[in-house]
Every structure is written in structure tokens, then in C-alpha cells.
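Notes follow the structure.
The values are calculated or read from the model by the stated rules, or taken from the named source; none is laboratory data. As the structure is a computational prediction, the values presented were derived from the model and not from experiment. As a convention, Cβ positions derive from the backbone with ideal geometry for all residues, glycine included, and neighbour counts pool all protein chains shown. Ligands, DNA and RNA are stripped out before the accessible areas are found, and what is left, the full protein with its side chains, is counted by its heavy atoms. Shrake-Rupley method; radii C 1.70, N 1.55, O 1.52, S 1.80 Å.
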Amino acid sequence: MTPDQLAPFCVSNQRAIVLPVLNDAMQRWKIDDRLEIAAFMATIAHESGMFFYWEELASGWGYDITRNPKKALRLGNRLIGDGPKFKGHG
């Protein structure tokens, strides 16, 4: 993938930073079919606000065993503090 193919409305210096990482990930996980690439890129672009956000905005406490046990357990957060510790790793 070339920089101009990656979210053309994204700031160009962000594309230059993200592109090698995404190409490596796609190669590593064998994301090589056009539909798989499109789904992968659409999800990442949406979730990151077109590569503007590098970290989840929520604190992570909403995924913690102390505040939301059902959701926390579904996500694998079993100890107090796992929500914030593992936020955005899903």
C-alpha cells in the first residue's frame, strides 16, 4: 500500500508514520486479500479517528471488574485495575 492510498484525507505525516506499521501487520497476519485489507483499514481508520488518536480516550474503568463485572469478564479483565491496564488492547 502506498501513502496516498491510506486514508487520503488523513494528515500526510500521520500516514507516513502509520503506513510501515500497517504494512508489517498485514504481512505478518497474512491480510492480503482486497476485501480483508479493506475491512482491516476501515476498522483501524474508524477506531483511530483517521489515525488522529493513538490511545483509547476512555479511562478503561468501564471495563474493570469493580465497575462492570459482566463486561470485564467477557474481555478477560479479572483483576482490579485490568480495565485501565488493558484498555484499547481488544
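The Rg/Rh ratio of the chain, with Rg taken over Cα atoms and Rh as the Kirkwood radius over Cα pairs, comes to 1.08.
Heavy atoms of the protein chains alone define the surface here; on that basis the chain has 76 Å² accessible area per residue at 1.4 Å probe size. The heavy atoms of residue 65 offer some 40 square angstrom of accessible surface to a 1.4 angstrom probe. Subtracting the Cα-Cα distance of residue 27 and residue 42 from 0.36 nm times their residue separation leaves 3.7 nm of extension gain. With a Förster radius of 25 Å, plug the Cβ-Cβ distance of residue 70 and residue 50 into 1/(1 + (r/R0)^6) and report the FRET value to the nearest 0.05. The value I calculate is 0.20. Against the chain, whose longest principal axis comes from its Cα atoms, helix 12-28 is set at around 80 degrees. The 3J(HN,Hα) values that the Karplus relation (6.51, -1.76, 1.60; θ = phi - 60°) gives for the stretch 54-63 are, in residue order, 10, 9, 4, 6, 5, 5, x, 5, x, 10 Hz. Gly and Pro appear as x.
The residues packed around residue 63, meaning those with a beta-carbon under 15 Å from its beta-carbon, carry a net charge of +3 if Lys and Arg are +1 and Asp and Glu are -1. Surface composition of the stretch 1-82: carbon and sulfur atoms hold 60% of the protein heavy-atom accessible area at a 1.4 Å probe.
Please check which bits of the stretch 36-60 a label hung off residue 85 would reach, taking the label as a point 7 Å along Cα-to-C-beta and the cut-off as backbone N under 17 Å. Hits in the stretch 36-60 for residue 85 at 17 Å: 59-60.
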